[in-house]
Amino acid sequence: MEIYIKNMVCNRCITAVQNELIKLDLHPIDVRMGIVKLMEEELDEQKLNTLNRNLNELGFELLDNSRSRLIEQIKNLIIGIIHHSEVSEQKLNWSKLISDKVFHEYNYLSTLFSSVEGITIEQFIIRQKIERVKELLFYDELSLGEIADQLGYSSIAHLSAQFKKITGQTPTQFKNSRHQDKHRKSIDSV
């Protein structure tokens, strides 16, 4: 049986969900961001309600319709690549990648995402990139040029313009800010 869970955005989320499943005497075969495969073929309504309640307390949510699942798959894919991958996005074709991984036409996915989320997939990608830039600036391990390259920006100027449009600050202003923590958001709230 597969169940789909919203707001799983990191390895700690995977561990938390896996622990919750085990507490409920369920047998996870595979736990990934947004998708859990269980040994059980079916869950009774009481166990499903208990799982849903326990997951909600941890900030997660069970998804029960195919549209919500598709949107969550898209978000998890984008978050995974931007926040948890060391691969440069320089030559990444997002529409092809999303379409190939989610097994639907990109136009359909784009329309669905926009209608449910209120923003386009492209805007979601930009917001995630800006949050990643904030994180990388906060830790001060890479130059702005290296960050631009890692996130697939054509230039530092392009990154800076997009950063300022979203945050109201240049990357340098953000980096020099003494209160950086207040500018960062959790990934799932972006």
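The values are calculated or read from the model by the stated rules, or taken from the named source; none is laboratory data. As the structure is a computational prediction, the values presented were derived from the model and not from experiment. Don't worry about glycine lacking a Cβ; one is built from the backbone with ideal geometry, like all the others, and counts go over all protein chains shown. Calculation scope for accessible area: heavy atoms of the full protein, side chains included, ligands and nucleic acids excluded. Shrake-Rupley method; radii C 1.70, N 1.55, O 1.52, S 1.80 Å.
Just a few scattered comments:
- Residues that are farther than 30 Å from GLU135 by Cα, part of a helix (DSSP H, G or I), among the hydrophobic types (A, V, I, L, M, F, W, C) and open to solvent by 50 Å² or more (accessible area, probe 1.4 Å) do not occur anywhere in region 49-56.
- Of the residues making up region 115-150, those that are open to solvent by 40 Å² or more (accessible area, probe 1.4 Å) and within 17 Å of the chain's Cα centre (by Cα) are VAL116, GLU117, GLY118, THR120, GLU122, GLN123, ILE126, ARG127, GLU135.
- Pairs where the first residue, in region 73-89, is among the hydroxyl-bearing types (Ser, Thr, Tyr) and the second is at pLDDT 90 or above and not in a helix (DSSP H, G or I), C-beta under 9 Å, 6+ apart: SER88/LEU151
- Some residue of region 121-141 being polar (S, T, N, Q), under 23 Å from ILE71 (Cβ atoms) and assigned to a helix (DSSP H, G or I): yes
- The number of residues in region 151-186 being modelled with pLDDT of 90 or more, surrounded by 14 or more Cβ atoms within 10 Å (Cβ to Cβ) and not in a loop (DSSP other than H, G, I, E, B) comes to 10.
- Residues of region 16-48 classified as open to solvent by 30 Å² or more (accessible area, probe 1.4 Å), outside any loop (DSSP other than H, G, I, E, B) and of a type in the set (D, E, K, R), total: 6
- Lone unmet requirement of (1) out of contact with any Leu (no Cβ under 9 Å at 6 or more places or on another chain); (2) in a helix (DSSP H, G or I); (3) modelled with pLDDT under 90 for LYS75: (3)
- Region 57-74, residues that are within 21 Å of PHE103 (Cα to Cα) and either exposed (fewer than 15 other Cβ atoms within 10 Å of the Cβ) or in contact with a helix residue (DSSP H, G or I) (Cβ under 7 Å, 6 or more places away or on another chain) (or both): LEU63, ASP64, ASN65, SER66, ARG67, LEU70, ILE71, GLN73, ILE74
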